[in-house]
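Everything below concerns the one structure shown next.
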Amino acid sequence: MFVIVAKYLIPKGYRGLTVFPFVFIKYRFDSENKVLVNHEKIHLRQQLELLVLPFFLWYFVEYAVRLLQYKNTNLAYRNISFEREAYANEQDLNYLEKRRFFRFWKYTRV
C-alpha cells in the first residue's frame, strides 16, 4: 500500500480515494488517521478480490442503481455495498485480519 497526499485529486467532500495499490489522502494530517486509512485499506482488499477493474464497474453501476433508489447522491454513495462494509468496520483496526473473503457481499442487501 502506498499512501499519497494529493489534495487536488480528491473530490470535494471526500478525504480519501483508493485505486489499487495507492491510497490518496487529501490532507497530510489524515495520513496519520488510523480509522480513515483502515477504511481505505478495506477498499484495497475489495479491489484485490474483484481484480480492480470489475470492482470499479460494480461500484459505479451500484452507485447508479442506488441513486435511482434514493434520489440523493450522499445516500446513494453511503449505500454502495463496498462503502457500507468500509464504514461499518473502519473503527475495527483488526478487521482485515479476520475478514472473510468477499465479505462485502453481506452488505449488498438493502
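Just so it is clear, none of the values below were taken in a lab; they were calculated from the coordinates. As the structure is a prediction and not an experimental result, all values here were calculated from the model. Every residue, glycine as well, gets a Cβ built from its backbone with ideal geometry; the counts of neighbours run over all protein chains shown.
Applying a threshold of 7 Å to beta carbon distances and a minimum spacing of six or more residues, or different chains, the list of pairs starting in the range 1-16 at a residue that is farther than 21 Å from Tyr87 by Cα and ending at one that is among the charged types (D, E, K, R) and in a loop (DSSP other than H, G, I, E, B) reads Lys7/Lys26.
Looking across the range 48-80, just one residue is under 14 Å from Arg99 (Cβ atoms) and surrounded by 13 or more Cβ atoms within 10 Å (Cβ to Cβ), and that is Glu49.
Report whether or not Phe101 is surrounded by fewer than 13 Cβ atoms within 10 Å (Cβ to Cβ) and touching a residue at least 12 places away in the same chain (Cβ under 8 Å). Judged against the criteria, Phe101 is a match.
Quick one: in the range 1-57, which of the residues that are part of a helix (DSSP H, G or I), among the charged types (D, E, K, R) and in contact with a Lys or Arg (Cβ under 8 Å, 6 or more places away or on another chain) is nearest to Leu93 (Cα to Cα)?
So, considering only residues that are part of a helix (DSSP H, G or I), among the charged types (D, E, K, R) and in contact with a Lys or Arg (Cβ under 8 Å, 6 or more places away or on another chain), the one nearest to Leu93 (Cα to Cα) is Arg45.
Residues of the range 40-58 that are within 21 Å of Lys26 (Cα to Cα) and of a type in the set (Phe, Trp, Tyr): Phe56 alone.
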